[in-house]
Every structure is written in structure tokens, then in C-alpha cells.
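Okay, structure first, notes after.
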Amino acid sequence: MTLRERQDEFISDIAMFDNWTDRFNYLIALAEELQEKCPEYLRPYHIEGCQSNTCFLPRITEDMLYVTGWSNSAIMGGIIVALTAIFNFTSKEEFQNTEIDFHIKSGLIDNLTPMRRSALEEMIRRITVLLK
């Protein structure tokens, strides 16, 4: 599946729900995939300015992007799980040739609190800096 297809899948998944309460409940359900405690290796990758304890680490291994993260906030945790599904196994070339717009097209960015919005933007920025 391409990066474009994975973004579109996220957009479709969010669109299945009628309102933002249900959409946030979907993200909260995704967060159940995260470990109960933050893995020690993620602690240095804290998202500054985020009210919750959120860590996020993008890295390149064998020319492929892998992201991992953790949060004690269920909504941020769900966003991390979504980012993992969207971005894992993306090559630098594919990233550079694909517009990153899942958060805009889904309306997610416009429905987050300012701190969560900032945290999501920071996670996307970390990926972008790594792959540009």
C-alpha cells in the first residue's frame, strides 16, 4: 500500500463516523495498541509543549521510515498509532513525492485542541526533517 493510499484509508476511516465525539472515540480505541508505560528508549524524544506525556521517534532503517511513539493521553496515543499505520515502511522518495495531507483532509487538525494540534504538527515536522 502506498503512502497516499494509507493516508486516504485514514481519511475514510475517520469519515465513517458522524461526529467528532465518535471520531475521537475511534482514536481512543486505537490507543489501546500502545504499551501501558512509555518504553525507556522513547523518553528522550518528548514532544515539548504537549500537556500530556507524549514521545515520538521517526527513524530510517534500511532506507525505510519507521515511526514509534507513546502517550499517556488516549487521543494522542491514537494519533501515534495512526501515524505508525500511515508512515511505517515509507521510502524517502515516496515521502518526497507524496503530499502529506491526511490531517487536513480528515479535518483532524481543525478539531484538535491547540496543544494537541501543535503536538501533531511537531510529529509531522520530525518526519519531514528526517526525510527531506
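Using all C-alpha to C-alpha distances in the chain, build P(r) with 10 Å bins and read off the rounded percent in each one.
Percent of pairs per bin, in order: 13, 46, 35, 5, 0.
Show me the ranking of peptides 75-86, 95-106, 113-124 by mean Cβ neighbours inside 10 Å, starting with the highest.
Highest mean packing first, the order is 75-86, 113-124, 95-106.
Is any residue of the range 46-87 close enough, with backbone N under 12 Å, to a label point placed 7 angstrom from the Cα of ARG125 along the Cα-Cβ axis, and if so, which?
47-50
Using r as the Cβ-Cβ distance of ASP63 and ASP13, and R0 as 41 Å, what FRET efficiency do you calculate, to the nearest 0.05?
Given R0 = 41 Å and the Cβ-Cβ separation, E is 0.90.
GluC sites (Glu not before Pro), restricted to the range 21-71: which are DSSP loop and have at most 14 other Cβ atoms within 10 Å?
Qualifying residues, ordered by number: GLU36, GLU48, GLU62.
For LYS92, go through the lysines and keep the ones whose alpha-carbon is under 27 Å away, minus same-chain ones fewer than eight residues off.
Straight-line reach from LYS92, under 27 Å: LYS105, LYS132.
Which of the three applies to the range 1-58, rounded, prolate or oblate, going by the alpha-carbon gyration tensor with a ≥ b ≥ c and a/c under 1.5 meaning rounded?
Because a/c hits 1.5 or more and a/b exceeds b/c, the range 1-58 counts as prolate.
What's the magnitude of the charge dipole for the chain around its Cα centre, counting Lys and Arg as +1 and Asp and Glu as -1 at the beta-carbon? Answer in Debye, nearest 20.
420 debye
Could you grab the relative contact order for the range 3-131? Cα pairs under 8 Å, six or more apart, rounded to a whole percent.
30 percent
Read-outs throughout are calculated quantities, based only on the coordinates presented, and are distinct from any laboratory measurement. Everything numeric here is computed off the predicted structure, so don't read it as measured data. Quick reminder, even Gly has a Cβ in these numbers, built from the backbone with ideal geometry, and neighbours come from all protein chains shown.
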